[in-house]
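The values are calculated or read from the model by the stated rules, or taken from the named source; none is laboratory data. Just so you know, these numbers come straight off a predicted model, no measurement behind them. Cβ placement follows ideal geometry from the backbone for every residue including glycine, while neighbour counts extend to all protein chains displayed. Note: accessible area is taken over every heavy atom of the protein model, side chains too, but ligands, DNA and RNA are not part of it. Shrake-Rupley method; radii C 1.70, N 1.55, O 1.52, S 1.80 Å.
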Amino acid sequence: MDEVKDEEDYQVFLELSEIKLPCIGISVRKGRNLSALVMKIYGLFEIIRVFTRAPGKAHDPSAPFVLPRDSKLEDLAEKVHKDFKEKLKYARVWGKAVYEGQMVQRTTYSRMETW
């Protein structure tokens, strides 16, 4: 959907095809809706991306952990390192549904997409 007229063609396509799958019009050339496409894919597969960081350091946005949506904090810890899961007592989280640096226990269910 590189041109303005493409939006109308897209809407006509949706109406005529009667497609039942989720659809998003995108443009790689202009970067249109690429983030929405990625989020839709993660939603359909019911997975989340979790960014970790060492204390005092910034997170690495190029290396998220990918987990099922209903994961616990200890599931993430195990992905980081097997020994880490056993030693983990809590973690600090940042995000939309928590206050800055909130401590959560190892058995806390993720809903990490809102952290």
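Selection over region 38-53 of residues that are assigned to a loop (DSSP other than H, G, I, E, B) and modelled with pLDDT of 90 or more gives a count of 1. When region 54-81 is filtered for residues that are open to solvent by 50 Å² or more (accessible area, probe 1.4 Å), among the acidic types (Asp, Glu) and assigned to a helix (DSSP H, G or I), the ones remaining, listed by number, are Asp75, Glu78.
For region 1-37, name all the residues that are in a loop (DSSP other than H, G, I, E, B) and open to solvent by less than 80 Å² (accessible area, probe 1.4 Å). Steps first, please.
Start the filter on region 1-37 by keeping residues that are in a loop (DSSP other than H, G, I, E, B), which leaves 1-4, 18-26, 28-31, 33.
Selection gives Met1, Asp2, Ile19, Pro22, Cys23, Ile24, Gly25, Ile26, Gly31, Asn33.
Which of the residues belonging to region 82-110 are part of a loop (DSSP other than H, G, I, E, B) and surrounded by 11 or more Cβ atoms within 10 Å (Cβ to Cβ)?
Leu88, Trp94, Gly95, Ala97, Val98, Arg106, Thr108, Ser110
Please go through region 18-32 and pick out each residue that is touching a residue at least 24 places away in the same chain (Cβ under 8 Å) and in contact with a helix residue (DSSP H, G or I) (Cβ under 9 Å, 6 or more places away or on another chain). Full working, then the answer.
Keep residues of region 18-32 that are touching a residue at least 24 places away in the same chain (Cβ under 8 Å), which gives 25-27, 29-30, 32.
Matches in region 18-32: Gly25, Ile26, Ser27.
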